[in-house]
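Handing you this structure, nothing more for now.
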Amino acid sequence: MTQVSPTGRLSQADVDAIRLVAERLQASVERVIVGKSEVVRLAMVAILCEGHMLLEDVPGLGKTMLAKSIAKSLGCTFRRIQFTPDLMPSDITGIHYYNQKLGEFAFRDGPLNSQVVLADEINRATPRTQAALLEAMEERQLTVEGVTTPLPRPFLVMATQNPIELEGTFPLPEAQLDRFLVRLRLGYPDEDGEDQILERFESANPLDTLQPEVEAAELVRLIAVLSHLHVDPAVRRYVVQVVRATREDSAFELGASPRASLGLFRASRALAAISGRDFVLPDDVKMMAPYVLPHRLILSTQARLRGRESDEVVREILQRVPVPVEA
């Protein structure tokens, strides 16, 4: 049972439970993913927020392997969707069909009706098929031919895309990007890390040995528990000020939405919990902002001509917005 202290704060026992589950999950994933502890830790933050992840990088760096490692480490149902230009919305949401044996219409589930969904190379699907994900990602339900069905909890979408190859791809619309809690990039491993990869995969794939580290029901409980973790009003206002600064900065044509404020707030809370704290620090907000905000922002024409990047401007905003200090 979740224990909340008389002050309204989460008990240390539940904070420790969240931290231990995150540590077990991270250790499991890092049996496969080498030298990317920070990225894996950020993925743990997204999982505990029940937030969707966009894994963006060039081919061959382990985006799909990271997603599959996370899926195998969770005791949840898992489906993979390989996005292609000819994929139809009904291919992922499911269809009603006429069953000749029964003489009636029946519904066949699509791969979206799962707890963990890997959307591989999501930008290869047409906008129509990409749009089929919007309702599922935001409202965690599916509507097919007027019938709405709730999706199982937890519901996590991990999408991969290659930002370099543009031929035959369809850029994700802003409405869809805004539904991803974090955007993560793996980057190339260093020399020692690449040598470890060769050694680890020399005789077998360590992915085959992974076992679930947490059951779905326990994960849902911990996600609910996070809503009781204390956030000082000054830190909450700091989240608002950082997000509002993106709307007021001339470098951006489109600033971050209130959904981004909620995402940054929840991600900061999850980071505090997996760090073993029952309260959020401004440093948690500063740590998560570069992963929660940039993919939701649209640079102005002048900023693009000057070669500026959203990540760079967000870092400048974090330096500019005053950090709350304890009285």
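No lab work stands behind these numbers, since they all come straight from the coordinates. Note that the coordinates shown come from a computational prediction; the quantities given were computed from them, not determined experimentally. Every residue, glycine among them, receives a Cβ derived from its backbone with ideal geometry; neighbour counts consider all protein chains shown.
Take the alpha-carbon positions of the chain, form their convex hull, and give its projected area averaged over all directions (one quarter of the hull surface) in nm².
20.5 nm²
Scanning the chain for trypsin sites (Lys or Arg not before Pro) in DSSP loops with at most 12 other Cβ atoms within 10 Å, what's the longest stretch left with none?
102-305
Using a Gaussian network model on the chain with a 10 Å cutoff between Cα atoms, which of Leu42, Leu198, Leu297 fluctuates the most?
Most flexible of the set in this elastic network: Leu198.
Sort Tyr97, Tyr291 so that the residue with the fewest other Cβ atoms within 10 Å of its own Cβ comes first and the one with the most comes last.
Lowest count first: Tyr97, Tyr291.
While we're on this one: Using +1 at the Cβ of each Lys and Arg and -1 at the Cβ of each Asp and Glu in the chain, identify which of Ser250, Val231, Val40 lies farthest towards the dipole's positive end.
The listed residue farthest towards the positive side: Val231.
Still on this structure: Relative to a virtual label point 7 Å from the Cα of Arg221 in the Cα→beta-carbon direction, which members of region 126-162 show backbone nitrogen distances below 19 Å?
It comes to 153-155, nothing else.
Under 20 Å between alpha carbons, and skipping anything fewer than 8 positions from Lys63 in its own chain: which lysines qualify?
Within the straight-line cut-off, Lys63 pairs with Lys36, Lys72.
Let me ask something else. Using +1 on the beta carbon of Lys and Arg, -1 on that of Asp and Glu, and nothing else charged, what's the dipole of region 141-284 about the Cα centre, debye to 20?
Approximately 1160 debye in magnitude.
Please work out the Kirkwood hydrodynamic radius for region 229-327, using every pair of different C-alpha atoms, and report it in angstroms with one decimal place.
13.7 Å
Tally Lys/Arg at +1 and Asp/Glu at -1 over every other residue whose Cβ is under 15 Å from the Cβ of Thr301; what's the total?
Neighbourhood net charge equals 0.
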